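J.: Below you'll find the structure I mean.
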Amino acid sequence: MGGHALRTTLSQYARRVCEASLEGLPVLLESIALGCKVIAEATKTAGLSDSRGGAGTQNIQGEEQKKLDVISNDVLLDTLSKSGNVAVIVSEENELPIFTDNKTTGKYGVVLDPMDGSSNIDCAIPVGTIFGVYELLPGSLGTQEDVLQAGEKMICAGYCLYGSSTVLVVSLGVGVVGFTLDTVLGEFVLSHPSISTPDKGCVYSINEGNSSTWDAGLPDQPTLKYVNLCKVPKDGGPPKSLRYIGSMVGDVHRTLLYGGVFIYPADKKSPKGKLRMLYECFPMAFLVTQAGGAATDGTMPILQKIPNGIHERSPICLGSKIDVQEYVELFSSAQ
Ligand code: AHG
Ligand code: MN
Ligand code: MN
Ligand code: MN
């Protein structure tokens, strides 16, 4: 092969990896990638256009929507519906599932956080898009039950980070790969051929402001114990560094690549945790697990949980498997 081999694109990777049984998944991924390209541009120019600031509306979560929450949601619902492969979509920004008119062709259900970390947009801190994909249940034409499956039933998950570069990280169940947007080609090209999370890390990532009410109700706050051990390790070694930007995609991307832990525990304000199971916890847990890490709610692996509602929340600790195991042991001794 000549010396001018080009980098693999997301489409080429997906077509190569998806078995015949997952037909339509490459086209679905291309529709997500198209949406992410549009969102990347809108995010980068938010300060110059009218897409910065609040939309003046609230979503079902009771959050003030940013204009980019709404724009990102509209773009992705449009590109996914046009892919022809999606029968049902759950989005953070929609109270109810969206049933597309791909009744006969749609084989997949998609769960979406179209704009994650939206409170950071106006100060140009990295934000992202998170997605997960389920195959419809046998014989289904697209119902809510198709997307109320355990996290481990996902066949694909990923995120797009709108940061110093635009990076789309995805797993089809055979490891984790990353693609960086080549703005000249307009293509996501392979930049991280095989992402694996170190077994142990030197960073912990958590909103320390909530520490007085972490693990709402548990007798001795295992999360607080864990964080104190990050600061003063039992073995007398150096403390872990604290890194927290308040965008799950940014905090998880750093954790996935560098190791350590990202934690959003239950607290008084969010007694079941703040992060949504379907379109934040599951996709990130899928990716970290595929990269050799682990993800727990403190008492069980996140991916074994089954949501009762499409916006159900969960506590989460994910990252390097040795660090996550230490967190779990503190929870089990707290029961
Ligand atoms: P979203 O912008 O999609 O609503 O998600 C925000 C989430 C997540 O991105 C981040 O990890 C977390 O909120 C930060 O919460 P705090 O500001 O309470 O730390
Ligand atoms: Mn939100
Ligand atoms: Mn989010
Ligand atoms: Mn969001």
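J.: On full extension of the chain, what length is gained from residue 312 through residue 5, given 0.36 nm per residue of separation minus the C-alpha to C-alpha distance?
T.: Length gained, residue 312 through residue 5: 105.9 nm.
J.: Let me know the Kirkwood hydrodynamic radius for segment 245-333, please, with Cα pairs as the basis and the value in Å to one decimal.
T.: Value: 12.8 Å, from the Cα pair sum.
J.: Bin width 10 Å, origin at 0, all Cα-Cα pairs of segment 86-187: what percent of pairs per bin?
T.: 15, 37, 33, 14, 1
J.: In terms of Cα to Cα distance under 17 Å, which lysines are near enough to residue 107, apart from those fewer than 8 places away along the same chain?
T.: Cα-Cα hits under 17 Å: 82, 153.
J.: Quote the relative contact order of segment 116-184 in percent (integer), defining contacts as alpha-carbon pairs under 8 Å separated by 6+ residues.
T.: That works out to 25 percent.
J.: With a sphere of radius 15 Å drawn around the Cβ of residue 18, what net charge do the other residues whose Cβ falls strictly inside it have (Lys, Arg +1; Asp, Glu -1)?
T.: Net local charge, residue 18 excluded: -1.
J.: Same structure again: Suppose accessible area is computed on protein heavy atoms with a 1.4 Å probe; arrange 258, 244, 159 from highest to lowest.
T.: Final ranking, largest accessible area leading: 258, 244, 159.
J.: Rounded to the nearest 0.05, what FRET efficiency do residue 96 and residue 38 give with R0 = 35 Å and r taken as the Cβ-Cβ distance? Could you check?
T.: Given R0 = 35 Å and the Cβ-Cβ separation, E is 0.90.
J.: What angle do you read, to the nearest 10 degrees and between 0 and 90, between the alpha-carbon axis of helix 222-231 and the longest principal axis of the chain?
T.: It works out to around 80 degrees.
J.: For residue 66, list long-range residues whose amide hydrogen, built 1.01 Å from N in the peptide plane, is under 5 Å from its own amide hydrogen.
T.: For residue 66, the qualifying residues are 55.
J.: Where the convex hull is taken over the Cα atoms of segment 1-117, what is its projected area averaged over directions, in nm²?
T.: 9.7
J.: Once you put a point 7 Å from the Cα of residue 60 and another 7 Å from the Cα of residue 245, both along the Cβ direction, what distance in nm separates them?
T.: If labels sit at residue 60 and residue 245, their model points lie 2.9 nm apart.
J.: Label-point separation (nm) for residue 45 and residue 182, each offset 7 Å from Cα along Cα-to-Cβ?
T.: That separation, rounded to one decimal, is 2.3 nm.
J.: Ok, one more. Please list, in chain and number order, the residues 5+ apart from residue 100 or on another chain whose amide H is under 5 Å from its amide H, with Hs placed from the backbone.
T.: Excluding prolines and chain starts, which carry no amide H, the hits are 88, 89.
J.: Write down Rg/Rh for segment 124-239, rounded to two decimals, with Rg from the C-alpha atoms and Rh from the Kirkwood relation over Cα pairs.
T.: We get a ratio of 1.08 for segment 124-239.
J.: Ordered by packing density, taken as the mean number of other Cβ atoms within 10 Å over each peptide's residues, highest first, how do 294-303, 224-233 rank?
T.: 294-303, 224-233
J.: Label residue 190 and residue 143 with points 7 Å out from Cα along Cα→Cβ: what is the distance between them in nm?
T.: Result: 4.1 nm between the two label points.
J.: I want to check a number: in segment 192-269, how many lysine pairs have alpha carbons closer than 23 Å, given a sequence separation of 8 or more or different chains?
T.: For segment 192-269, qualifying lysine pairs total 9.
J.: Then there is this: In whole percent, what relative contact order does the chain give with Cα contacts below 8 Å and a gap of six or more residues?
T.: 15 percent.
J.: Divide by every residue of the chain the summed helix terms, -39500 (n - 2.57) for each DSSP H run of at least 4, and state the resulting mean residue ellipticity at 222 nm, rounded to the nearest 500 deg cm²/dmol.
T.: Dividing the helical sum by the residues of the chain leaves -8500 deg cm²/dmol.
J.: Moving on to the next point. For segment 1-137, what does the relative contact order come out to in percent, with C-alpha contacts under 8 Å and a separation of six or more?
T.: This gives 19 percent for segment 1-137.
J.: If I ignore ligands, DNA and RNA and count only protein heavy atoms, how much of residue 123 is accessible to a 1.4 Å probe, in Å² to the nearest 10?
T.: The value for residue 123 is about 80 Å².
J.: What is the diffusion coefficient of the chain in µm²/s, taking the Kirkwood radius over Cα pairs and the Stokes-Einstein relation at 37 °C with a viscosity of 0.692 mPa s?
T.: The diffusion coefficient I find is 163 µm²/s.
J.: Another question, then. For the chain, which cysteines have no disulfide-compatible partner, meaning no other cysteine Cβ under 4.7 Å?
T.: So far as the 4.7 Å Cβ criterion goes, 18, 123, 156, 202, 230, 281, 317 stand without a partner in the chain.
J.: Quick check: net charge around residue 97, other residues with Cβ under 11 Å of its Cβ, Lys/Arg +1 and Asp/Glu -1?
T.: Computed value for this residue: -3.
J.: Moving on to the next point. Which value, in Å³ per residue, describes the convex hull spanned by the Cα atoms of segment 161-320?
T.: That works out to 127 Å³ per residue.
J.: If you don't mind, there's one more thing I want to ask. I'd like the carbon and sulfur percentage of the solvent accessible area for segment 16-62, probe radius 1.4 Å, heavy atoms only, ligands and nucleic acids excluded.
T.: Roughly 55 percent, rounded to a whole number.
J.: Please report, in whole Å³, the volume per residue of the convex hull around the C-alpha atoms of segment 19-67.
T.: 101
J.: What is the angle, in °, between the Cα long axis of helix 67-83 and the longest principal axis of the Cα atoms in the chain? Nearest 10 is fine, range 0 to 90.
T.: 50
The values are calculated or read from the model by the stated rules, or taken from the named source; none is laboratory data. Everything numeric in this text was worked out from a predicted model, so none of it was measured. We place every Cβ from the backbone using ideal geometry, glycine too, and count neighbours over all the protein chains shown. Ligands, DNA and RNA are excluded from the accessible area calculation, which covers all protein heavy atoms including side chains. Shrake-Rupley method; radii C 1.70, N 1.55, O 1.52, S 1.80 Å.
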